[in-house]
1. Of 115, 200, 39, how do they rank once you tally other Cβ atoms within 10 Å and put the fewest first?
2. For Cα extents along the principal axes in Å, pick the label among (1) 46, 38, 37; (2) 52, 36, 31; (3) 49, 45, 36 that corresponds to the value derived from the coordinates.
3. Count the DSSP beta bridges whose two residues both fall in the chain, then state the antiparallel fraction as a percent rounded to the nearest 5.
4. Rounded to the nearest 500, what is the chain's calculated 222 nm mean residue ellipticity when only DSSP H runs of at least 4 contribute -39500 (n - 2.57) each, over all residues?
5. Starting from the Cα of residue 52, step 7 Å along the direction of its Cβ; do the same at residue 223; then give the gap between the two resulting points in nm.
6. So how far apart, in nm, are the two label points at residue 93 and residue 15 if each is 7 Å from Cα heading toward Cβ?
7. Among 20, 196, 28, which one moves the most in a GNM of the chain with springs linking Cα atoms closer than 10 Å?
8. Label segment 115-209 by shape, choosing from rounded, prolate and oblate, from the square roots a ≥ b ≥ c of the eigenvalues of the Cα gyration tensor; if a/c is under 1.5 it is rounded, and otherwise prolate applies when a/b is larger than b/c, oblate when it is not.
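FYI, it's all coordinate maths here, none of it is from the lab. Model, not experiment: these values are computed from the prediction. Neighbour counts run over all protein chains shown; Cβ positions are idealised from the backbone, glycine included.
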């Protein structure tokens, strides 16, 4: 049994994690601990506060005691709004507090793009434009070429959590371009675990969603590889060999 730990911001789409656990169909356990992030607004200052080290350190002890082998801060925006260097420090402090390998969803996207071997991506974001721009900057700092970005302009995680498959698909279509080799959907408040095959079939290319890459990142930290076609290209592709 491999136990994975996730610090999840608030209560929006945390039920994606037990769903992904079932779809993995293996000896994987996903332990989710909520982190109080207040109203869950998509404004830069509250998003930065949500990812402060002291806020994340408080709930992490429960994950460590549960037997988690790695921990991921399951908030894309709560990582990238700090910028590349500060997001790295955030993860280092989380690892120190947990005594475990650690990462965040923001870095998971960069690692997942490398895993599937693409260079050019489109970003389909629920966020306001200023927050989306910070994600684009973060990806570029990680060596990812962003060729298009679309912002839906939602104000809160609660609004994202209420979206259905049709709305998520419309968001991905709005961002996609012929030049993009993959589409990234960065909001962990969106329920996407059940919709990835539909998204990839419709767009004809890999789609990386926030909760999907978060679980994949935790598996990467524990050196586990699980083949799960129902979770999309990321969970079926052979690893890229770096030369």
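1. Going from least to most buried by this count: 39, 200, 115.
2. Recomputing Cα extents along the principal axes in Å here gives the entry labelled (1).
3. Around 5 percent of the beta bridges assigned by DSSP in the chain are antiparallel ones.
4. -13500 deg cm²/dmol
5. Taking the simple label geometry, residue 52 and residue 223 are separated by 3.8 nm.
6. Distance between label points: 3.4 nm.
7. Highest fluctuation of the listed residues: 28.
8. oblate
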